[in-house]
1. Among 49-60, 232-243, 97-108, how do they line up from the highest to the lowest mean number of other beta-carbon atoms within 10 Å?
2. Would you order His64, His198, His153 from fewest to most other beta-carbon atoms within 10 Å of each residue's own beta-carbon?
3. If you stretched the chain out fully between Asn78 and Met28, how much longer would it get, using 0.36 nm times the residue separation minus the C-alpha to C-alpha distance?
4. Taking neighbour Cβ counts within 10 Å as the exposure measure, how do Lys220, Lys129 sort from fewest upward?
5. Based on other C-beta atoms within 10 Å, arrange Arg110, Arg152, Arg269 from fewest to most.
6. Give the residues of segment 221-236 whose amide nitrogen is closer than 15 Å to a point set 7 Å from the Cα of Asp245 in the direction of its Cβ.
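Values in this text are rule-based calculations from the coordinates and carry no lab data. Treat the numbers as computed from the prediction; the structure is a model and nothing was measured. Neighbour counts are summed over all protein chains in view; Cβ atoms, including those assigned to glycine, are modelled from backbone coordinates with ideal geometry.
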Amino acid sequence: MHNWGVTVRQNQVGATLIVVLLFLVLIMTIGAIAVRQSSTDLKIATNDQVGTLLLNSSDSVHAHLEQAVNAEGSKEYNEIVSAKGAFGYFMNAMSNDNRGDQIIFCYNPRQKKLFSIDKASVLTPGGGKKLVGGTGIGYCNATQDSSYTSTRHTTMAQIMVTRPDTSNFVAKAFDGVPTGRDINIDKATSAEPLFEVHSTAILPALATASDAEINDCFAKPSLQASRYKFDKKDDQGTSTSVAFDKTLSGCMQEKGVPAKVVVEQARMRNITTSKLCIGFGKSTGSVTPECKEKYKLP
């Protein structure tokens, strides 16, 4: 009887150990699932935050440009609508030589000027660049503090402005002609030019690519890469024209750089206003105070 009782007690101890081990395995499995789920939730939250940050950075560029264009007579308005401005460059109604060109500049709201042609590059579909102040001018640079949109060095935004070649579009009759205006190609006010603005914002801190790879992507055109070319020298030093292999956004995606592209199409309308200076018929014959002040009349 004594030996039998010892055997039963030993069997019970062995069964208890197995049950405890099973519980430990179950707890470890549940813990591993919980950790994996938490990691997934964290990644989803981080991706959403990154997307929101990049979208805000890209969208702020368009808001700034729209504000400048609508502020007629302001300093920023003159900077981008003048002959050397991002929009004024394309406003020559008598020539289509610059249609399809891409004006590229790095957005920095901390600078005094919103746009300066001396700090921009112009890519031409026919190959090469023009109006470039030096190598790399206009492109954002991952190693330069001035290329970031804020002093926190979080995001960078590169802007591209172009006036598409309307011959490639199937437009409606009188498309782009303001109501109430005569159609005259000699007048810049007889058309509403169509523009495309691309803003590409990136977050270098979360990129797997090097600074050199990011800068290489910035040097690529924002659209229709096959139409744009650059000079390349072979082993013998002979320079040949070679087409770009991909766009800026495509390159960033390939290199694993978090990026967001916002594209805006806009028409610029020349709005004319008038003031009554001297009334017809019965009037005092003198210029109104409003006109004297506006036109600096005596």
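1. 97-108, 49-60, 232-243
2. Ordered from fewest to most neighbouring Cβ atoms within 10 Å, His64, His198, His153 come out as His153, His64, His198.
3. 11.3 nm
4. Ranked by crowding around the Cβ, least crowded first: Lys129, Lys220.
5. Ascending Cβ contact count within 10 Å gives the list Arg152, Arg110, Arg269.
6. Within reach of a label on Asp245, which here means backbone N under 15 Å from a point 7 Å along Cα→Cβ, segment 221-236 contributes 221, 225-226, 230, 232-233.
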